[in-house]
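Written below as structure tokens is the structure these notes are about.
The values are calculated or read from the model by the stated rules, or taken from the named source; none is laboratory data. A quick note: this is a predicted structure, and the numbers were derived from the prediction, not measured. As a convention, Cβ positions derive from the backbone with ideal geometry for all residues, glycine included, and neighbour counts pool all protein chains shown.
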Amino acid sequence: MASNEQIDLFNAIELTGAPSTAEFDPELIPTSAKIPIPPGTYASTEPMVDHCNRCHRCGLGATRTHAVVGRGSLQAPIMIVGEGPGQNEDETGIPFVGKAGQLLDKILASVSLTEADVYICNIVKCRPPENRTPAVDEMDACRPYLLEQIRLIDPKIILLTGASAVRGLTGDKRGITKIRGQWIEWDDRLCMPIFHPAYLLRNQSRDKGSPKWLMWQDIQVVRQKLDEMRGELAPTS
Ligand code: URA
């Protein structure tokens, strides 16, 4: 190639800058966290599952068996966001299917919430080795997928289980015991930080003020808010 042609190409890239949504080639997504994933890239969660299974935007892709994208209803009014897949989830490709997930399902059932009412996903879609907390750069690399899930599902309420989920979505670094049970607004959406079910498995007391007892208070508030939003209850404060 003549050197002036190379210069022309270079100029073209400079002028074009980052790819617009219209020109965006989704095939390029998995290669690097430097390549943006523009909002509107996915028309449904299916191609996202495919991309996540080929994604190497962070190092977690190297050790996963399956990417774990989501389960539940695509029309769910409530989205539940966990930290990241564990071993059972990595093996099956389905979020919250281990002990913590079984407890989560029980918590939801205690206020008559079913799979039709919730969509469950995680901050990072691939299992961190040894179930360690995902690193900030891993959460950042995976965040566009979560933002697309939120855009597609359009939940009325987002429950953030544990400090990593809060930090990964909102950037808030406060401890979960400080902020659980409080409504926070993020991107014009109503979110509530709650304890992670795995934390409840390690704290079995049901006494007043215990983590399990607090979770029971929080999930009832969530149920009430959903009923209010559906017009089935008069609004509380
Ligand atoms: N813990 C999480 O945060 N997510 C899962 O999917 C399973 C356990």
Hey, any hits in the stretch 57-65 for a residue that's under 13 Å from the mean Cα position of the chain (by Cα) and either charged (D, E, K, R) or at pLDDT below 95 (or both)? no
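Matching residues to (1) touching a residue at least 40 places away in the same chain (Cβ under 8 Å); (2) among the hydrophobic types (A, V, I, L, M, F, W, C); (3) more than 14 Å from the ligand (Cβ to nearest atom); (4) in contact with a strand residue (DSSP E or B) (Cβ under 6 Å, 6 or more places away or on another chain):
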| site | (1), (2), (3), (4) |
| --- | --- |
| 127 | yes, no, no, no |
| 130 | no, no, no, no |
| 133 | yes, no, no, no |
| 141 | yes, yes, yes, no |
| 147 | yes, yes, yes, no |
| 150 | yes, yes, yes, no |
| 155 | yes, no, yes, yes |
| 158 | yes, yes, yes, yes |
| 163 | no, yes, no, no |
Lone qualifier among 83, 91 - being in contact with a Pro (Cβ under 8 Å, 6 or more places away or on another chain) and modelled with pLDDT of 95 or more: 83
Just wondering, is there one or more residues in the stretch 81-94 that are assigned to a loop (DSSP other than H, G, I, E, B), of a type in the set (Val, Ile, Thr) and near the ligand (Cβ under 9 Å from one of its atoms)? yes
Reported set for the stretch 153-189 where residues are within 14 Å of the chain's Cα centre (by Cα) and on the phi > 0 side of the Ramachandran plot is 154, 162, 171
Do the conditions hold for residue 65, that is, is it part of a loop (DSSP other than H, G, I, E, B), within 21 Å of residue 200 (Cβ to Cβ) and among the polar types (S, T, N, Q)? no
Selected residue (criterion: farthest from the ligand (Cβ to nearest atom)) from residues of the stretch 95-112 that are out of contact with any helix residue (DSSP H, G or I) (no Cβ under 7 Å at 6 or more places or on another chain) and either in contact (Cβ under 8 Å) with a residue 24 or more places away in the chain or over 12 Å from residue 197 (Cβ atoms) (or both): 112
Please list, ordered by residue number, the strands (runs of 3 or more DSSP E) wholly in the stretch 122-237 having 3 or more residues that are crowded, with 20+ Cβ neighbours inside 10 Å. 157-161, 189-194
Mind listing just one residue for me: the one in the stretch 69-91 that is under 22 Å from residue 54 (Cα atoms) and of a type in the set (S, T, N, Q) and, of those, surrounded by the fewest Cβ atoms within 10 Å (Cβ to Cβ)? 87
